[in-house]
Every structure is written in structure tokens, then in C-alpha cells.
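Reading through the C-alpha cells given below for one structure.
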Amino acid sequence: MAVQKLTIAKALNDSLRKAMEEDPKVLIMGEDVGKLGGVFRITDGLQKDFGEERVIDTPLAESGIVGTAIGLALRGYRPVVEIQFDGFVFPAYDQIVTQLAKMHARSLGTIKMPVVIRIPYAGGIGAVEHHSESPETLFAHVPGLKVVSPSNASDAYWMLQQAILSDDPVIFFEPKRRYWDKGEVDVEAIPDALHGSRVARTGTDVTLAAYGPMVKVCLQAAEAAAEEGKSVEVVDLRSMSPVDFDGIQASVEKTRRLVVVHEAPVFLGMGSEIAARITERCFYHLEAPVLRVGGYHAPYPPARLEDEYLPGLDRVLDAVDRSLAY
Amino acid sequence: MTVESTAARKPRRSGTKRPAAANAAKPAAATAKTHDAEPQLVQLLTPEGVRVDVAENPDVAEFAPFVADITTDDLRGFYRDMVMTRRFDGEATALQRQGELGLWASLLGQEAAQIGSGRALRDDDYVFPTYREHGVAWCRGVDPTNLLGMFRGVNHGGWDPTTNNFHLYTIVIGSQTLHATGYAMGVAKDGADSAVIAYFGDGASSQGDVMEAFNFSAVYNSPVVFFCQNNQWAISEPTERQMRVPLYQRAQGFGFPGVRVDGNDVLACLAVTRWALERARRGEGPTLVEAFTYRMGAHTTSDDPTKYRRDEETAAWEAKDPILRLKAHLLATGGADEAYFEQLEVESEALGKRVREVVRTMPDPDTMAIFENVYADGHALVDEERAQFAAYLASFEGGE
């Protein structure tokens, strides 16, 4: 059956399996990805079926994982690296930024770097420090990297395979608190372009732009707003580098109002860039300034406070009201 | 004489338990000033140019067979390699002083380490250099003028790494040891019998990436040789600011052999590198080679070594010059005559002239190259900015 109802976690697992079946050069590397199947079980069963040479348990050393993945890519492999949690990517940040991102440019195009770095990211699961962060801007800012995040099972299934097929390094952020959300996956569909946005809900009064874990919050906010007679459009960005500004612009030209929502700190976040660009592009269409809803300029708080820190329905709806009030 | 000689004698798979070398990591070693101490090292040619008698020096017996096939012709070849490399390096230094290059990292004094190890490699081996491996590049057949593009500021590389299996220079120190390890993991997966060599310096040995590379290569038993040129100085930081135990001993903690070789002895460097490469090819995993040498010049043309090191130290190392050593040997054994050296002088001058001409006529890259090769598959933002910039440039045409 072509259409299956899968959790995001299972869709990612199926996606990895398919990519490995289709290309013997695809490798999986990371801490605990083998026997355990990853701490979130995204790689469950893959080592059993593809062997230790292709699903590689690594020492606990993130720079080493990414650095050796670069070497394997130079040798013709397509490594898919798992960083166990968002806050643990920083020991590898040097290799990602100074090496992985630049290898293609430095070599004047002779070297390809088909490396995917999967990072379970963002909050909402009651975790301890370093397990709930949203560092996407730090990667989107780096030329040479592509950055994406699926928000649903179908995108999880397709976007991961597209990322693996890409000859560019892709930072693949997985919204960990959505791993267990189910959705329909048509495994025979023709997928959307990896870096295009998607209108997740149509509306006419305000556009909400979000990605990853915040798409669900925005859809719920739109639902709640509808009960108050407000028509809210939700755009799922899907890609943070590049950003589909054309897609956002099309929505904003219709609704004339934009609120960008993400978990990462607002200051210099994705919302800042989108606000600046959309203001340039849609200055005469906008009825209100572009507003942003997101995290604060503070370390991600202890879990007991994360519901206050994370944008929820009320904060999103408040921004919708403020936008409509202009 | 490897200090770790008992352990290094018998090549073994990494990860196996080994008896601690009797003299390894004793407190006394920790207090030794490594850059002042006269270290024990594998040497086949003395500073006076005399071949070491293997029968009288059993500690080198393991390595001497690896150069048993070396002929006088080969020795002359190594001599030529070192002379040409030094001439090239000197020309580049001069070009920097003349403002033709933005920076230059000289290899002066390290010719034997680079030529010895470089000539140990097979064509299908893969090299991951740092930014000073001009002699290794020479051995790989990379045109030396291609090394100058990045120092002149016209590119970040200038050669296709796959043509000569010589990766681009890496500026962030130690990073490439992980790339080499990953590449070697791939070589093993492919079932190939080629090997990988990673170059780095004593300063880079302080980087975490180098430790991670040691560990990954040991854990996966990867066919990689870590070739550290310990040139005693990391810019102005001496080796005692980098380590408390001799560098090559570090390998033991990761489960593979480490060897210290006289880095100014081209023959010993060749022998030890061949030995390490053969271990790798046989599936016996990584090796750390510490080539004990000296950077005669500055770290780069940006620093001034007179501010941080003593003249006596430099003079002591001058007496160990790798080129003079082989010349003395060739002269003493009748391997070459004065005519040979004079002819080589002419040849190296011609190289210097060619380098000078190529650098001075090296074209600047096309302005739009800023936007090229940022991504393999394209990127909407780059496309947008390229178009904006092209339009901006076009706005000047006819407007003046």
C-alpha cells in the first residue's frame, strides 16, 4: 500500500532503510546508532540488516564523527551522521563550519561533500540541560551548509532521502518532541522540492511562518483563531537554508500580515532574517510590521520552566492579535 | 633506537593489550625539556653523512631493511628533491618579502622529513597535508607553483586533490587528521591495500581532533600513518608548552606503535615511513611517526623567531642540516661529484625563475567567482545575491 500511517520516527527509519538499500555507499555513523538503534530508535534494526560496516557505532567524540565522515565522503561514501542531541553538536561545530561547509568551495568545485548531519533538536520533552536547544540559525548563517527540518511524517520520510541524495552537506534538524506524531506517508508520491515551503493551512487574514516543532503549534493556533472568526494561513518553511522567500512572499501578498514563530531565541534568529527580507519584498503590501515569536535571550531553562519559554498557543495568538490590531 | 623499541619491534593490531614499555612516561620524562634533550631516535645517516652501522646499532635493524633497495641513483634523486624544494621555498619567501605573496609558511630545515616520507608513498596512497608540506607536494607531482595561489590570495587551494591524491592544504591545525582517518576507514571498507598519511606538527598535537583521530583510527584499525613533524616550535610556543612526554609515546596510550625518527635524515624518514605504510597495508592499523626536526625559519613570514628563540639553538640545528648531510654522504662515497651539484644549482635556479614568473603573472580570479562553488546543487540565496551583484556591476557600464 502506497499510503501508510507512520510516526515521524518510523518514517525516518524507513527513509534511512530505503536510502541504504538504494545506494551501498550510504553509511550511518554516530553514538549508539547500532545495537541500540539510537537513543530515539531512529536507526532501529538497521545495523542488524546492513551490518556494522554500514551502521557504525562510534566513539563518543562529535568532532571525530563529523571529521571522519568528511574523510569518508572524500573517499566516495555518503555518510549520514547522528548527533545525539542538539547541544552536543558544538564539539563538532569546528569541523562542520571550517571544513565540511567549505570543502566544495576551497576545491573550486572538484570535491563534493554529501554528508547529512541528523540532529534531534528543540524542546518540550522535559529533558536536562543541552538536550532541548534550537541552534539552527548558527548553521543557516554558514555559507556551504543547507539546513532543513521536517514537521510531519511525510516530510520526514522524503526530506531525509532528498538530503542524502544531495551533494551538499545538509544539517537535518528533527523535531524530537514530534517523533511520535503520526501522519500519512505516500511512499510512491513525487515529493515536494527539499527547499520549498508548503502552505500547511490556507487563510486570508494573517500568515504564520514556522518550521519543525512549531508548525503544529501554529496549526493549533490557526484552529483556535478560526473559532474567533480569524482566518490564519500557516506556511511550513521546511528549509532554513535556503529559505523559500518566494513562498512566504506569495502568502504575505495575500494576507498582508506575517508572524514568524520558532523556538530559538528571537534575537538574530530566523525570524529576524525573514522579517527583513519580507519587509524589503512586501513593503507596500504589509498592513503591519512583521512580528516574531520565539525563545528569549537566555539559556534554555530547566524543564519545569520550558512551557513558559516555548512559544505556545497563547503567545502565537497574542501575536496574531497584535498584527491584526495595526 | 626507538625509545618504545620493544613495543614497536613487533607490529601488532591495535586494541591488543601490550606490556608497558619499561621507560615510558616515567616522572623523569615528564620533567625533561624535550627540545633541549638529545633524544634517542631512528637514524641511518649521521649528521656527518656517515651510514649508521646496523650491526652495531640493533635498534635500527627493524627499519634498515626498508631502505636496503635504495641505490646511489635514488640517493641523488632525494638530494635533488630536497635542493629543489628548498630553492622553491626560498623563492616563495623572497616573493612574500617583495609583496607578491600575502604570506608564506617556509619548510626550511624540514626537507628530509618531507622528502623521506613523501618518497615512501605509492601513487594510490592518499596524503592529507597541513599547510607546510611543499616537499611532500613535490613528491606527489603537484606543480609547486600551484601551491602559491592560496598564499597569493587567488584561491584556497589551486589543485585537484584527486589528480595526485594530495588533499588541499588545511589551515585549521589538526583537522585533517580526522579526514585522513575517515578516508582510511573508507579504504579499508573498499578492501583496497593503499594507505593514508596525515601530516601535522607538534603544535597540532595539542588539538583534540588529533587525539580523536588517534582514537578512531585505533578503534577501527584504519590504514593511516600519522606523520608529525616535530619542528620544536608552534609559532612562538616551544614543545614544553605542548607536551610533558615525548610525542611519539602518545601512540601507546591509543594502542598503536609510535616511533621517533631523525627528521633531518632522509633515509631514516623513508625507512620508518615505509615500515609504517606496510603495517597499514597489512591491516595492522595506524602508526605515529614523530619526525624530530627543526624549523629553521619563521613559522610564517608574519612572525619573527629572533623574539622567541636563541641563536645557539638554531646554530646547533644548522649542523644537522638535512641537505648538507646527504651531500657529505654522496661526496664521501663517490655517489656524486661537483659537476652534479653544479648542474643541480642551474636546475634549481631555473625553478626559482619559473616560480617568480608564474607568481607575478598569476591572474586574479574572476569577480563572480565569489559566488561559484558555494554549493554543489545550487542555493536560492546565492543565486539571488549573484544576480544582484551582477546587476550592480553592470550598472557601471557606460555610466562613466
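The values are calculated or read from the model by the stated rules, or taken from the named source; none is laboratory data. These figures come from a predicted structure and were not determined experimentally. Cβ: placed from backbone, ideal geometry, glycine included. Neighbour counts: every protein chain shown.
Observations on the model:
- The lone exception for B:GLY158 - which of (1) of a type outside the set (Phe, Trp, Tyr); (2) on the phi < 0 side of the Ramachandran plot; (3) facing another protein chain (nearest Cβ under 10 Å) it fails: (2)
- The stretch A:47-77, residues that are under 16 Å from A:GLU31 (Cβ atoms) and buried (at least 21 other Cβ atoms within 10 Å of the Cβ): A:VAL55, A:ILE56, A:THR58, A:ALA61, A:GLU62, A:SER63, A:GLY64, A:ILE65, A:VAL66, A:GLY67, A:THR68, A:ALA69
- Candidates are the residues of the stretch B:116-147 that are part of a helix (DSSP H, G or I) and closer than 15 Å to B:LEU277 by Cα; the one that is farthest from the chain's Cα centre (by Cα) is B:GLY116.
- Residue in the stretch B:71-92 that is of a type in the set (A, V, I, L, M), assigned to a loop (DSSP other than H, G, I, E, B) and modelled with pLDDT of 95 or more present: no
- Among the residues examined, A:ALA193 does not qualify as hydrophobic (A, V, I, L, M, F, W, C), in a loop (DSSP other than H, G, I, E, B) and more than 14 Å from chain B (Cβ to nearest Cβ).
- At least 1 residues being more than 14 Å from chain B (Cβ to nearest Cβ), on the phi < 0 side of the Ramachandran plot and of a type in the set (Asp, Glu) is the threshold, and among the helices (runs of 4 or more DSSP H) wholly inside the stretch A:1-118 those reaching it are A:8-22, A:46-50.
- Inside the stretch A:119-165, residues that are within 21 Å of A:ILE8 (Cα to Cα), within 14 Å of chain B (Cβ to nearest Cβ) and part of a loop (DSSP other than H, G, I, E, B) make up a count of 0.
- Residue in the stretch A:219-227 that is in contact with a helix residue (DSSP H, G or I) (Cβ under 8 Å, 6 or more places away or on another chain), among the acidic types (Asp, Glu) and over 19 Å from A:LEU138 (Cβ atoms) present: no
For (1) among the basic types (Lys, Arg); (2) without any contact (Cβ under 8 Å) to a residue 60 or more places away in the chain; (3) farther than 27 Å from A:VAL97 by Cβ, each residue gets a yes or a no:
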{"site": "A:LYS5", "(1), (2), (3)": "yes, no, yes"}
{"site": "A:ALA9", "(1), (2), (3)": "no, no, yes"}
{"site": "A:PHE40", "(1), (2), (3)": "no, no, no"}
{"site": "A:PHE50", "(1), (2), (3)": "no, yes, yes"}
{"site": "A:LEU60", "(1), (2), (3)": "no, yes, no"}
{"site": "A:ARG75", "(1), (2), (3)": "yes, yes, no"}
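- Look at the stretch B:190-205: where a residue is in contact (Cβ under 8 Å) with a residue 24 or more places away in the chain and within 13 Å of chain A (Cβ to nearest Cβ) and a partner is among the aliphatic types (A, V, I, L, M) and part of a strand (DSSP E or B), sitting 6+ places away or on another chain with Cβ atoms under 6 Å, you get B:VAL196/B:VAL224; B:ILE197/B:VAL127; B:ILE197/B:VAL225.
- Count of residues meeting criterion [exposed (fewer than 15 other Cβ atoms within 10 Å of the Cβ), in contact (Cβ under 8 Å) with a residue 24 or more places away in the chain and of a type outside the set (Val, Ile, Thr)] in the stretch B:299-340: 6
- When the test is whether a residue is crowded, with 21+ Cβ neighbours inside 10 Å, at negative phi, touching a residue at least 12 places away in the same chain (Cβ under 8 Å) and of a type in the set (Gly, Ala, Ser), A:SER154 passes it.
- Residues of the stretch A:225-284 that are polar (S, T, N, Q), outside any helix (DSSP H, G or I) and either without any contact (Cβ under 8 Å) to a residue 12 or more places away in the chain or closer than 24 Å to B:HIS379 by Cβ (or both): A:SER239, A:SER241.
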